[in-house]
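Q: Okay, handing you the structure first.
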Amino acid sequence: MSGIAPMFPNEKPEHPYLQQSYGGKVFGNFASLFCGGCGYGIIGQIFTRIFEDEKLDPKLHPTVIGIGCYSQIMLLVHEAAQKVLALHGRAPAVATGMKMANPKMKPIVFSGDGDCLGIGGNHFIHICRRNVDCLIMIFNNSIYAMTGGQGAPTTLYGAKSTTTPYTMFENRTDGVKLALAAGAPYVARTTVAHPRTLMKYFRKALRHKGTSVIEIITPCVTYFGRKNLSNLGEEYKGEKGEKMDTGGKMIDWIKRNSVRINQAKFMTDEELFNKYIIGEFRYEPKPEYSDEYAKIQKIAMGGK
Ligand SMILES: Cc1ncc(C[n+]2csc(CCOP(=O)(O)OP(=O)(O)O)c2C)c(N)n1
Ligand code: SF4
């Protein structure tokens, strides 16, 4: 249990954060609008728990939420959290504006793989390059879920989606590699099947001044799981594939398809094809954008 805060006094296993979630507060018995088996519920609960345990000041840690299925996470996260819904792909730009308006803030960006690495790819590159103090969580479910399960830049090779019924043949975008190339000082990837690791990275990101990027692999049962078999990817060739039509099957697949960074060092590109490498890829704090901007402002004003 190292690093995990104690349970809330009223925490019940079946719905631990009902009293703290916004929906729970408003509707009394509200659970979530996500499909059964969706991973976004796990992320929402983890956020709420960290928000409570770390006693985050909502005014200094606003959430900036992109557009996708996960936008409903607003109803699940802590009722006291400030929630700002951005345009599709533009959450990093909104977060940058907030940070520059009040440099004491540290916005927390919720973004999908389509949102952050597709339509918002350019904004993502430049917030990482500038090193604006914020935490960006990319929820990677390998699909554009909200609009009907179209293939996204992150859709795995060979996967079926609404727009790739004969399997995806494009190269996929790797959010971690993109963040590293753009210069983000803290970059990590984990999955909803590793919730304690996610909490550890989340806490570390809160204490890091600069851009932190955490990619989280999460299941979309409805549009990804139901269209694909559990032998998706090279490793399970020869094994009989099973339709991933439940959250449990998808979580199992995510675990089997994830390779720890230390293991990955000893594997070939072929062995790593279509796998999710998980772990911390960089932690090298460096001068932060709003701090540097303040220095330039001072120079521009003749040192006053
Ligand atoms: C400017 C703009 N273009 C397109 C859309 C349509 N749209 C809404 S959500 C979405 C995809 C979201 O995918 P992702 O970010 O991966 O989140 P998910 O739904 O998978 O959680 C798209 C294309 C939009 N809302 N705004
Ligand atoms: S469509 Fe997929 S991502 Fe959207 S709520 Fe359902 S399972 Fe989750």
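The values are calculated or read from the model by the stated rules, or taken from the named source; none is laboratory data. Remember, it's a predicted structure, so these values are computed and weren't measured experimentally. Using ideal geometry, Cβ is built from the backbone for each residue, glycine included, and neighbour counts are taken over all protein chains shown.
Q: Among the residues of segment 203-231, count how many are within 16 Å of ligand 2 (Cβ to nearest atom) and more than 30 Å from residue 183 (Cα to Cα).
A: 8
Q: Then there's this: Go through segment 29-71 and report how many residues are free of Cβ contacts under 8 Å to residues at least 60 places away in the same chain, surrounded by fewer than 18 Cβ atoms within 10 Å (Cβ to Cβ), away from ligand 1 (no atom under 13 Å from the Cβ) and not in a helix (DSSP H, G or I).
A: 8
Q: Kindly indicate the residue of segment 176-234 that is free of Cβ contacts under 8 Å to residues at least 40 places away in the same chain and of a type in the set (Lys, Arg) and also nearest to ligand 1 (Cβ to nearest atom) among those meeting that condition.
A: That would be 226.
Q: Please work out which residue is farthest from ligand 1 (Cβ to nearest atom), limiting yourself to segment 132-150 and to residues that are of a type in the set (A, V, I, L, M, F, W, C) and farther than 15 Å from residue 119 by Cα.
A: Per the stated criteria, the residue is 132.
Q: Kindly list, by first and then second residue, each pair from a residue in segment 111-130 that is within 17 Å of residue 97 (Cα to Cα) and within 16 Å of ligand 2 (Cβ to nearest atom) to a residue that is of a type in the set (Gly, Ala, Ser) and at pLDDT 95 or above, limited to pairs with Cβ atoms under 6 Å and residues at least 6 apart or on different chains.
A: Partner pairs satisfying both residue conditions: 111/66; 111/91.
Q: How about segment 168-211: which of its residues are farther than 22 Å from residue 146 by Cβ, part of a loop (DSSP other than H, G, I, E, B) and of a type outside the set (Asp, Glu)?
A: Passing the criteria: 169, 171, 183, 184, 185, 193, 194, 208, 209, 210.
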